[in-house]
Amino acid sequence: MTKLLVVAGTADGAAFIAAQPQDTEITATTFSPLGAACLAPRPGLKTVSGALDEAGFTRLIAAEQPDFLVDLSHPFAVEVSANARAAAAAQNVPYLRYEREAAADAGAKVIRAADFPAAVAILRDMPGNILLTVGSKTLPYFMELPDFHDRVYLRVLAESRILRELEELHIDPAHVFAMKGVATAELNIALAHYCNAAVIVSKESGKAGGLPEKLAAARALDIPLLLIERPRAQGGAYTSFAALENIIYNR
C-alpha cells in the first residue's frame, strides 16, 4: 500500500488526489478549511489545515511516514514549497514537485514583470484604474503605489479572515470583489468594466489558475495584462500527473 503526503489547497491538488488509486492512503495539507472542503471524499484521505513551517512539515512526515511527499501547492507558494522540500530531505522522504502548465498569451497585450516589486514599478508609470487579481498576500507591495486607494480594485478569495484584513487596511469595500474559484472571461470583463480598468494584473498561475480567462478578458477589452512571472521550481518539477505516478507507482 502506498502512502502519500500531498501539499494541496489548489485545483491541481484536488484533481491529483481524486485520480489516485483507491487503496492509496493520502494525507493532504491545505492552508485553510476552505481548501480542505474542495477535496472530494475518498477512502484513506486525511486532511490537515493550517500553515506549516519546516518544523510543522517535519512533524507531520514523522507522524504519517509517507512514501512520497507530493507538492502541488500554488506556483507562487515559494515558502511552502521550500519548507516541504527541506522537511522531506531531513526525513529522507522523496520530494516530488508538480508544476502546472503555463498558458499561452494568445494575442493579448501582455506586459511581463519579473516579480512583484517590478510590477509595482511598471504600474507607477501607467495611468488609469487597476484590476488586481493576485490575491491578498502580496497586497503590501501594491500599497506602495501613491494612489493605491483610489485606482486599485481587488479580486480576493471570499474568506472572512481576508475581508477583516482588508477592513483593517481601510480599503473601500466598493474596491473589493470577494469570490471563490476561477472567474470566467465574462466575469473578468464585467469586473474590469465596473472599475473602468486600464490594466489587469495577474500572476502567471497557468491554465488551472484562471490565466486564460484573464487573457481573454484583456483581449476583449483591448487593455494590457500585466503578468508577474512565476518563480522557477528549485531542483526541477514534473509537468503531468502521469509523470508523478510513474515515479510513485514504479510504472
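Odds and ends about this structure:
- Considering Thr184, Thr138, the condition of being within 19 Å of Leu215 (Cα to Cα) and within 19 Å of the chain's Cα centre (by Cα) is satisfied by Thr184 alone.
- Flag for Ile200 being under 22 Å from Arg85 (Cβ atoms) and β-branched (Val, Ile, Thr): no
- Residues of the range 173-185 satisfying the condition of being surrounded by 12 or more Cβ atoms within 10 Å (Cβ to Cβ) and either in contact with a strand residue (DSSP E or B) (Cβ under 9 Å, 6 or more places away or on another chain) or in a helix (DSSP H, G or I) (or both): His175, Val176, Phe177, Ala178, Met179, Ala183, Ala185
- Residue check, Ala190 part of a helix (DSSP H, G or I), surrounded by fewer than 19 Cβ atoms within 10 Å (Cβ to Cβ) and assigned by TED's automatic domain parsing to the domain that holds Pro117: yes
- Residues that are of a type in the set (Gly, Ala, Ser) and either crowded, with 17+ Cβ neighbours inside 10 Å or over 23 Å from Arg85 (Cβ atoms) (or both) within the range 20-48 comprise Ala28, Gly35, Ala36, Ala37, Ala40, Gly44, listed in sequence order.
- Ala90 being over 30 Å from Cys195 (Cα atoms) and among the small types (Gly, Ala, Ser): yes
- Scanning the range 22-57 for residues that are without any contact (Cβ under 8 Å) to a residue 60 or more places away in the chain and in a loop (DSSP other than H, G, I, E, B) yields a total of 15.
- Residue, modelled with the lowest pLDDT, within the range 58-76, restricted to residues that are among the hydrophobic types (A, V, I, L, M, F, W, C) and touching a Lys or Arg at 6+ places or on another chain (Cβ under 9 Å): Phe76
- Any hit, the range 207-218, residues being of a type outside the set (Asp, Glu), closer than 22 Å to Asp71 by Cβ and surrounded by fewer than 21 Cβ atoms within 10 Å (Cβ to Cβ): yes
The values are calculated or read from the model by the stated rules, or taken from the named source; none is laboratory data. All values derive from a computational prediction rather than experimental measurement. A quick note on method: Cβ atoms are made from the backbone with ideal geometry, for glycine too, and the neighbour counts reach across all protein chains shown.
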